[in-house]
Every structure is written in C-alpha cells, then in structure tokens.
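Participant: Next up is a structure, given as structure tokens.
The values are calculated or read from the model by the stated rules, or taken from the named source; none is laboratory data. Keep in mind the model is a prediction, meaning the values are calculated, not measured. Virtual Cβ from ideal backbone geometry, glycine too; neighbours counted across all protein chains shown. All accessible areas refer to the heavy atoms of the entire protein, side chains included, with ligands and DNA or RNA removed. Shrake-Rupley method; radii C 1.70, N 1.55, O 1.52, S 1.80 Å.
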Amino acid sequence: NPAAEVELAKVPKRLPNYVRRESIDALIDGEVDCDDFEQVRNRLMLVMFYETGIRRAELIGLADANVDLDAKEIKVHGKRNKDRIVPFGEELADWISRYREVRNREVGRTESFFVKADGKPLYPTLVYRVVHDSLLSVGGTDKYSPHVLRHTFASAMLNGGAELNSVKELLGHESLAATQVYTHITFSELKDNYQLAHPRALKKGGQHGS
C-alpha cells in the first residue's frame with residue numbers, strides 16, 4: 001500500500017468550553033433571596049463549582065462533615081475512590097455559612113451537604129438544570145453544563161498564575177496530560193487579546209486605519 005507510510009494530518013483537539021470572567025461575575029454577584037432555601041443552595045452550587053473545580057458527582061456526594069469552615073477545606077471523594085482536599089476562600093465560606101443556616105432551619109441537619117427541600121440528596125439532572133439555566137441567563141449556550149464551570153475554574157487558576165501541577169492536584173487528575181489542555185485555553189485567550197490590542201496586529205488585520 002503506497003499510502004501506508006503517509007502521515008495523516010493531525011486533527012486539532014477541541015478545546016473545552018469555559019465561561020468568561022464577566023459572565024461568571026454577573027452570575028455570582030446577582031440578586032438572591034437569602035431567606036429562600038433553594039435560591040441560596042443553587043447560588044452556593046455555582047460558587048462551589050467555580051471556586052473549587054469539583055465534578056458534578058463529587059458535589060452531589062459531598063458529606064456535610066467533610067465541609068470544614070474553620071480550615072476552609074472540603075474533602076472530596078473523587079474518581080477511583082480517591083479522596084482529595086480542596087481549599088476555598090472567604091466568599092465560598094460566606095455562602096456555606098448562609099446555606100447551612102437556612103438549610104438547618106428549613107430542612108434540618110443532614111448527612112449530605114447539598115439536599116433538596118425534602119432533605120434527600122440532589123440528583124444529577126437537577127444539578128445540570130440549575131447550572132445550565134443559570135449560565136443561559138448570563139449569555140451562555142445550550143452546551144453549558146456543570147463541567148463547563150470545572151473548565152472555567154482551571155483556566156482561571158492558570159490565568160492567575162497557578163502552577164500546572166497545583167491545578168492537576170486540585171482537579172484530581174491522574175496525570176498532567178489531562179490538565180495541559182487548559183494551557184491551550186489560556187494561550188488561545190492570550191492570542192485573542194494580542195489581536196485586539198497590538199497596533200501592528202490591528203493594522204495587519206485591517207480593523208483600524210493607519
């Protein structure tokens with residue numbers, strides 16, 4: 001076969017979807033009734049996805065005892081039965097306190113951290129719907145899902161100067177190969193900014209006159 005030795009053209013890997021900073025800010029800073037259990041829970045879900053990068057199954061399986069407000073850490077039970085510790089900041093801590101207060105008042109103390117109004121654990125479709133509808137409200141697409149917020153967390157960490165290996169550990173990846181795709185997101189954004197900002201790039205592209 002004369003074509004046997006011919007190398008095929010490489011098909012570029014599709015970059016994961018992520019949400020831009022301004023859309024995330026609009027989502028998290030939006031109005032919420034802090035006495036409404038479901039509104040507080042749903043906002044906390046969004047903040048936790050974005051601030052920790054955990055998976056949907058990990059959020060659903062999160063035990064109340066594994067959310068440590070004093071240490072600002074959550075213990076996540078991930079893939080292949082591996083646990084990891086993920087730190088979080090003041091904003092997420094505030095939402096956790098607010099949620100626990102309204103949950104304990106309206107539903108009662110529960111073993112699962114996230115629950116429905118009847119005290120039962122969440123289910124995947126409910127979590128998907130909350131995230132999907134929330135992201136649509138700030139200009140997202142039908143493709144947006146909880147996993148998009150995981151991608152957004154990773155790209156935000158790398159854009160903020162975090163080391164690749166640190167992001168790997170926070171995401172619970174087995175190897176760096178799974179994490180490296182996010183460097184392409186940040187580089188892609190860097191190229192976009194260059195094309196928009198550099199005067200010679202602008203001139204070459206014909207967007208502005210000389």
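Participant: Cross-link list 116/168; 75/168; 79/168: which exceed 24 angstrom alpha carbon to alpha carbon? Numbers along the way, then the final one.
Facilitator: Values: 116/168 31 Å; 75/168 16 Å; 79/168 14 Å.
Table pairs above 24 Å Cα-Cα are 116/168.
Participant: Rounded to two decimals, what is Rg over Rh for the range 35-149 when you use alpha-carbon atoms and the Kirkwood radius?
Facilitator: Working: Rg = 13.5 Å, Rh = 14.4 Å.
For the range 35-149, the value is 0.94.
Participant: A further question on this structure: Determine the shape class of the range 118-166: with a ≥ b ≥ c the square roots of the Cα gyration tensor eigenvalues, call it rounded for a/c under 1.5, and otherwise prolate if a/b is greater than b/c, oblate otherwise.
Facilitator: oblate
Participant: Could you provide, to the nearest whole Å², the per residue accessible area of the range 21-70 with probe 1.4 Å?
Facilitator: Details: 2240 Å² over 50 residues.
On a per-residue basis, the range 21-70 sits at 45 Å².
Participant: Another question, if that's okay. Would you report the distance distribution of C-alpha pairs in the range 17-56 as whole percents per 5 angstrom bin, up to the bin with the largest distance?
Facilitator: 5, 21, 29, 25, 14, 5, 1
Participant: Note down the magnitude of the dipole of the range 89-172 about its Cα centre, charges +1 on Lys and Arg C-beta and -1 on Asp and Glu C-beta and zero elsewhere, to the nearest 20 debye.
Facilitator: Numbers: 11 positive and 11 negative charges, 61 e Å.
The dipole magnitude comes to about 300 debye.
Participant: Please report, as a whole percent, how much of the solvent-accessible surface of the range 90-146 comes from carbon and sulfur atoms (probe radius 1.4 Å).
Facilitator: On the way: 1410 of 3070 Å².
That share works out to 46 percent.
Participant: Counting only the heavy atoms of the protein chains, how much of residue 72 is accessible to a 1.4 Å probe, in Å² to the nearest 10?
Facilitator: About 50 Å², ignoring ligands and nucleic acids.
Participant: For the range 103-181, what does the accessible surface come to per residue with a 1.4 Å probe? Please give it in Å². Walk me through the intermediate numbers first.
Facilitator: On the way: 3970 Å² over 79 residues.
Per-residue accessible area for the range 103-181 comes out at 50 Å².
Participant: Here's a follow-up. With the Cα gyration tensor of the range 46-100 giving a ≥ b ≥ c as the square roots of its eigenvalues, does the rule (a/c under 1.5 for rounded; else a/b larger than b/c for prolate; else oblate) give rounded, prolate or oblate? Mind dumping the intermediate values first?
Facilitator: Details: a/c = 1.79, a/b = 1.57, b/c = 1.14.
Verdict is prolate for the range 46-100.
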